[in-house]
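Structure record follows, encoded as structure tokens.
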């Protein structure tokens, strides 16, 4: 299978993060206000980026690209099952 | 998975169509009223906490990151690429939502911003219809990770090479 280059990977990640909730966000901006809402987005962006970078670094260093297997490596069998259940529930 | 990929592209195209259409209508409204909508405030003290939770919900794509990491040519570059992609999206989100809030102000009372567009406009009607079709594609995409997890619970072995999550 042909692997993705830099540009393709960039758009794949964009595609992964881009969801229909972009159309729900303007209403949330009304809730937050024009100053606080972008600030909240920046804070969320910071934490999300931190988590994403750490996750990809760990996956690369361990050569494991499956959430349950990564959790098993970190926390043992309990981690494996927690991950499976959370993954199932998160996408339900 | 190839079929899913086409469905995914269609879904993203529909979101883009919705964003572009709303942007055009928002600019028209701003031009008509010559300024911001009613009650355009920096901080809405009555409901700002709801926005904080929603901001984190906006970046829920981490579930797709490992499958992308598996398929990328140079995985060592992925952290930088990911930050660049999320930053770009964050910028688009902020610009689009600020524009909508500026245009409609407190009057933006519908959960989905496309509901603010004129219902009698043919283009808006077509866009909404395409969105309904989009849901048909989105449901299988959403249910695959759950289905895979359920399969493992039923005894299918966990692997590191197959695409098991999105």
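The values are calculated or read from the model by the stated rules, or taken from the named source; none is laboratory data. Predicted model, so just to flag it, every value in this text is computed and none were measured. All Cβ positions, even for glycine, are placed from backbone atoms using ideal geometry, and neighbour counts span all protein chains on display.
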Condition met for residue B:65 (buried (at least 18 other Cβ atoms within 10 Å of the Cβ), at pLDDT below 90 and in a helix (DSSP H, G or I)): yes
Can you find even one residue in the stretch B:99-119 that is within 7 Å of chain A (Cβ to nearest Cβ), part of a helix (DSSP H, G or I) and modelled with pLDDT under 90? yes
Is it the case that residue A:26 is over 17 Å from the mean Cα position of the chain (by Cα) and buried (at least 20 other Cβ atoms within 10 Å of the Cβ)? yes
Does residue B:78 satisfy being surrounded by 12 or more Cβ atoms within 10 Å (Cβ to Cβ) and either more than 7 Å from chain A (Cβ to nearest Cβ) or out of contact with any strand residue (DSSP E or B) (no Cβ under 7 Å at 6 or more places or on another chain) (or both)? no
Of the residues in the stretch A:55-72, those that are assigned to a loop (DSSP other than H, G, I, E, B) and either farther than 10 Å from residue B:66 by Cβ or more than 7 Å from chain B (Cβ to nearest Cβ) (or both) come to A:63
Only one of B:13, B:26, B:50 is touching a residue at least 60 places away in the same chain (Cβ under 8 Å) and either loosely packed, with under 14 Cβ neighbours inside 10 Å or under 25 Å from residue B:131 (Cβ atoms) (or both). Can you tell me which? B:26
Just wondering, is there one or more residues in the stretch B:125-136 that are within 7 Å of chain A (Cβ to nearest Cβ), within 18 Å of the chain's Cα centre (by Cα) and under 29 Å from residue A:34 (Cα atoms)? no
Test: residue B:111 is exposed (fewer than 15 other Cβ atoms within 10 Å of the Cβ), farther than 27 Å from residue A:11 by Cα and within 21 Å of the chain's Cα centre (by Cα): yes
Hey, residue A:49 more than 7 Å from chain B (Cβ to nearest Cβ) and out of contact with any strand residue (DSSP E or B) (no Cβ under 8 Å at 6 or more places or on another chain) or not: no
Of all the residues that make up the stretch A:1-42, how many are within 7 Å of chain B (Cβ to nearest Cβ) and part of a helix (DSSP H, G or I)? 26
Among (1) at pLDDT 90 or above; (2) under 26 Å from residue A:47 (Cβ atoms); (3) part of a helix (DSSP H, G or I); (4) within 7 Å of another protein chain (Cβ to nearest Cβ), which single condition is residue B:95 missing? (4)
